Every structure is written in C-alpha cells, then in structure tokens.
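Please treat every number below as a calculation from the coordinates, not as lab data. Treat the numbers as computed from the prediction; the structure is a model and nothing was measured. As a convention, Cβ positions derive from the backbone with ideal geometry for all residues, glycine included, and neighbour counts pool all protein chains shown.
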Amino acid sequence: MNNTIIDNFVKVFKPGDNLTKPDEKILEFGKKKLAEEIIYLWENYGFGEYADGLLKVIDPRDYMNSLYTWLGGIDYNKIPIMVSAFGDIFYYRKLENNENDISILDIHYRKIEVCAWSYQDFFKKYIINNETIKNILREDLYNEAIKVLGNLKYNEIFYFAPALILGGAEDIKYLKKGDANVHHQVLFQMGNKQ
C-alpha cells in the first residue's frame, strides 16, 4: 500500500472539520471492492468535505442509487467514491486482471469519461492537477457560489437552473443548491425526455 498518494491528496484537498468515520459494514464492503489506499483515506480521514467542500469523499451507499440509475443497472464493480460540489460522481471501476480506473459521471453534460487508468494515477496526477481543479471541479464558480448561496450541506450540490441541457449556462445567475440525489434523478429524467 502506498499511503503517500493519499497524504499528498489531503495536502491539496484539506479535510474538513466535520468528517465522519466509516462504519464496519461499509468498511467490510470497501475492503472487498476498493484499493487499500481508498480504505486508508476513509479510516484515517473520513467521509465529508475536502477543500472547504469543493470535493466530498462519500460513503458509497449515499450515491449508489444515483450512479446505478445513470449507468443502467447495479454493478458492484463500480463504486462511487467522491462527488464534486456540482454533483459529478467520481467512481472506482474494478476491471479484469486486477486492473482498475477512476471515471467521472458528468451529470450536467450527460457523459462519462475515464479520469485516470488507475486509482494511483487519479490520486497522484489527475485530481490534484490545477487544470482539473479549475475546469472539472469548477473552482472559480464554486468560490463565487459559496459567497452568494452559502455553504453546502453533506447531501447538497450546486446545480444549474435551467439545466445545461435545457439552455442554462455555467454562470452564477443560473446556480441554485439542493439535494444531490434528487437532482441526479431530475437530470436523468430530463435527459431521457429529450
């Protein structure tokens, strides 16, 4: 196990003050499905806000229903591990022959992309990269949203109204905040009606 990648991650994404530790049930599940370093992050830091809420390390159970709805079915080889302040879900994919990657479900543009071809590269290069923080996590818009709309609760995200697929724009005047799982379902249904 290489804890250095997690230690570097938490230098860039400072853990919040109100993190919660995983219970035994999710730890047992995680140890069967996820990399040891991700379990190390859970056990030593916990679930909740990092970098003042720009990114959340999540209890997978809180977002499995949303992820599996978007993916078209339950697949426990795909485990949600993080959510951006704008509701995009980062998930670990266990592939064949002990291979893995981290992908992102971008709910606003209705697309899935591989972020890194291994969880090590995700933590070492992708998520701590300034371009990712600026463009994928929308750091500037997040900072503006916090000033205008206030901090998010653990279950909340910022979303666009109208949705980007309905003509909204990535601008503060189109931002609102609300329950992440509700908005995931709303966006999914909107896209299916298009």
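Report, in debye and to the nearest 20, how large the dipole of region 1-47 comes out about its Cα centre when Lys and Arg carry +1 and Asp and Glu carry -1 on their Cβ. In total the dipole reaches around 120 debye.
Only lysines eight or more places from residue 25 in sequence, or on another chain, were considered; those with a Cα closer than 16 Å are 33. Annotation: amide H of residue 175 within the under-5 Å range of 161, sequence separation 5 or more or interchain, hydrogens built in the peptide plane.
Using C-alpha pairs under 8 Å with a sequence gap of at least 6, the mean separation divided by the residue count of the chain gives a relative contact order of 17 percent. Per-residue ellipticity at 222 nm, computed for the chain from helices alone with -39500 (n - 2.57) per DSSP H run of at least four residues, works out to -9500 deg cm²/dmol.
Quick check: the angle from helix 180-193's long axis to the longest principal axis of the chain, C-alpha only, nearest 10 degrees? Its long axis makes an angle of about 60 degrees. When region 4-193 is described by a simple charge dipole with +1 on each Lys and Arg Cβ and -1 on each Asp and Glu Cβ, the residue from 163, 130, 85 located farthest towards its positive end is 163.
Only Lys, Arg, Asp and Glu carry charge here, each on its Cβ (+1 for the first two, -1 for the last two); on that basis region 120-185 has a dipole of about 120 debye about its Cα centre. Straight-line cross-link reach from residue 11 at under 18 Å between alpha-carbon atoms covers these aspartates and glutamates, not counting any fewer than eight positions away in the same chain: 37, 43, 49, 52, 121, 131, 139. When the Cα positions of 116, 74, 9 are compared along the charge dipole of the chain, 74 comes out farthest toward the positive end, with charges on each C-beta of Lys, Arg, Asp and Glu. For the chain, a simple Cβ point-charge model (Lys and Arg +1, Asp and Glu -1, everything else neutral) yields a dipole of about 360 debye relative to the Cα centre. Taking Cα atoms only, the orientation of helix 139-149 departs from the longest principal axis of the chain by about 60 degrees. With a ≥ b ≥ c the root eigenvalues of the C-alpha gyration tensor of region 1-89, is it rounded (a/c under 1.5), prolate (a/b larger than b/c) or oblate? Verdict is oblate for region 1-89. Please give the helix 24-33 orientation as an angle from the longest Cα principal axis of the chain, in degrees from 0 to 90, rounded to the nearest 10. It is inclined by approximately 80 degrees.
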